[in-house]
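The values are calculated or read from the model by the stated rules, or taken from the named source; none is laboratory data. Just so you know, these numbers come straight off a predicted model, no measurement behind them. No Cβ is skipped: glycine too gets one built from the backbone with ideal geometry, and neighbour counts run over all protein chains shown. For the accessible areas, the whole protein counts, side chains as well, though only heavy atoms, and no ligand, DNA or RNA atoms are used. Shrake-Rupley method; radii C 1.70, N 1.55, O 1.52, S 1.80 Å.
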2 protein chains.
Amino acid sequence: MKRSEIVQARNRAIEMLRRASIAITAEEAADLEVADFGLGRLESEGLEIVVYVNNDRYCAKELVLFPYQTCPEHKHPPVGGRPGKQETFRCRAGEVYLYVPGTPAPAPKAKVPGEHYTVFHEIVLRPGDQYTLPPETLHWFQAGAEGAIVSEFSSPSVDEADVFTDPNVKRIPIVED
Amino acid sequence: MKRSEIVQARNRAIEMLRRASIAITAEEAADLEVADFGLGRLESEGLEIVVYVNNDRYCAKELVLFPYQTCPEHKHPPVGGRPGKQETFRCRAGEVYLYVPGTPAPAPKAKVPGEHYTVFHEIVLRPGDQYTLPPETLHWFQAGAEGAIVSEFSSPSVDEADVFTDPNVKRIPIVED
């Protein structure tokens with residue numbers, strides 16, 4: 001990603017948080033993570049993240065998704081002898097379509113953004129709704145037309161260990177000037 | 001507490017969440033916990049709580065405090081061979097005065113609501129500010145004039161194990177008709 005694209009996406013995410021009345025500090029705004037997963041198509045596959053806390057016992061983040069933006073399919077394997085990351089997604093604003101293993105939705109609400117998507121059991125989250133994923137569950141999610149903000153409560157986060165279905169994904173971003 | 005007092009406090013907390021644009025489900029509203037800690041003076045010492053998730057790995061809650069309402073001084077001891085609960089308080093709305101061991105504030109912003117308060121090192125949290133408490137840290141907190149909403153991210157919560165400085169506290173409420 002080019003630095004200018006990161007700055008633009010960061011400012012857009014900050015504005016969405018502001019409109020949802022979710023306060024972040026100036027430092028959190030400056031550090032807001034823009035992840036394109038190394039795929040180079042941030043608008044369709046990407047995620048904007050504010051990490052509130054990630055210690056050895058728990059983690060909490062705010063996830064911002066632009067309209068129809070998708071977090072690519074992945075799972076969280078065991079790390080260092082601990083079970084894989086367990087996550088609760090709580091929708092704060094907008095609408096989110098979450099997909100996990102199980103009976104596929106006959107007409108998914110999400111627009112499948114690529115070929116590396118294999119689970120299609122649909123959970124629709126609206127503000128106040130939440131869903132807890134057991135460890136090692138394949139999942140992906142997409143925002144609706146208005147974008148979305150999702151609080152993630154979880155066990156500790158080790159992003160670099162995540163296993164993505166798309167072999168082209170690079171979770172840790174490469175920034176070009 | 002009388003059931004009527006609980007219903008009134010619950011409705012007031014729901015209205016504060018609504019004003020802060022924090023969505024909760026109808027079920028969460030119906031289950032919203034009103035804790036007077038068995039002290040019978042909810043307005044000065046009490047807390048309103050929405051538990052989002054509390055599993056064996058992590059916990060997340062929304063805490064609602066009425067103007068000047070105080071969560072009494074307590075700490076979280078080790079339980080079942082696990083270290084005491086570790087907590088991150090993140091202010092979402094209003095202003096919170098948090099007190100922990102350390103150099104006492106010369107002029108605390110909180111109005112100390114009783115005699116069972118022993119730590120006075122002050123941390124002021126405004127929207128977007130947060131503070132992480134190590135396990136077994138004595139602490140108490142009070143909202144400012146507008147009340148406050150605080151997200152709590154933590155290791156698993158075992159409320160009945162909490163140790164309060166005031167020997168009269170009963171953490172699990174007694175409801176009268």
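Okay, here's what the table says:
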{"read-out": "Helix-only mean residue ellipticity at 222 nm for chain A, each DSSP H run of n ≥ 4 adding -39500 (n - 2.57), per residue, nearest 500", "value": "-4000 deg cm²/dmol"}
{"read-out": "Rounded to the nearest 10 Å², the accessible area of residue A:82 at probe 1.4 Å", "value": "110"}
{"read-out": "Chain A: C-alpha gyration tensor shape, a/c 1.5 cut-off, then a/b vs b/c", "value": "rounded"}
{"read-out": "Label distances, nm, residue B:106 versus same residue in remaining copies, Cβ-directed 7 Å point", "value": "7.3"}
{"read-out": "Which of B:129, B:36 is most accessible, then next, and so on - probe 1.4 Å", "value": "B:129, B:36"}
{"read-out": "Contact order relative to length of region B:6-92, as percent, for alpha carbon pairs under 8 angstrom and 6 or more apart", "value": "21"}
{"read-out": "Size of the protein assembly as shown as Cα extents on the principal axes (Å, biggest first)", "value": "64, 45, 41"}
{"read-out": "Nearest-first distances (nm) between copies at residue B:177, label 7 Å from Cα via Cβ", "value": "7.7"}
{"read-out": "Three-way shape label, region B:92-153, alpha-carbon gyration tensor, a/c 1.5", "value": "oblate"}
{"read-out": "Position residue B:136, label points 7 Å along Cα→Cβ, spacing to each other copy in nm (shortest first, one decimal)", "value": "3.5"}
{"read-out": "Within a Gaussian network of chain B (alpha carbon springs, distance under 10 Å), most fluctuating of B:91, B:71, B:59", "value": "B:59"}
{"read-out": "Long-range amide H partners of residue A:146 with built H, under 5 Å", "value": "A:95"}
{"read-out": "Relative contact order of chain B, pairs being alpha-carbon contacts under 8 Å that are 6 or more residues apart, as %", "value": "31"}
{"read-out": "Exposure of residue B:47 as accessible area (Å², to 10), given a probe of 1.4 Å and all protein chains", "value": "10"}
{"read-out": "DSSP-defined antiparallel bridges as percent of all bridges, region B:15-71, nearest 5", "value": "90"}
{"read-out": "List B:88, B:103, ordered by accessible area with a 1.4 Å probe, largest first", "value": "B:103, B:88"}
{"read-out": "Peptide B:50-62 - average C-beta neighbours from other chains (10 Å radius)", "value": "5"}
{"read-out": "For region B:121-141 and region B:1-58, distance of Cα centres in Å", "value": "20"}
{"read-out": "Inter-label distance for residue B:103 and residue B:82, nm, one decimal - labels placed 7 Å from Cα along Cα-to-Cβ", "value": "3.6"}
{"read-out": "Exposed GluC sites (Glu not before Pro) absent: longest stretch of chain B, with sites in DSSP loops and at most 14 other Cβ within 10 Å deemed exposed", "value": "B:44-114"}
{"read-out": "Within a Gaussian network of chain A (alpha carbon springs, distance under 10 Å), most fluctuating of A:24, A:49, A:123", "value": "A:24"}
{"read-out": "Solvent-accessible area per residue for chain A (1.4 angstrom probe, square angstrom)", "value": "43"}
{"read-out": "Amide H contacts under 5 Å for residue A:47, placed H, 5+ residues apart", "value": "A:35"}
{"read-out": "With every protein chain in place, region B:24-107: carbon and sulfur % of accessible area (1.4 Å)", "value": "55"}
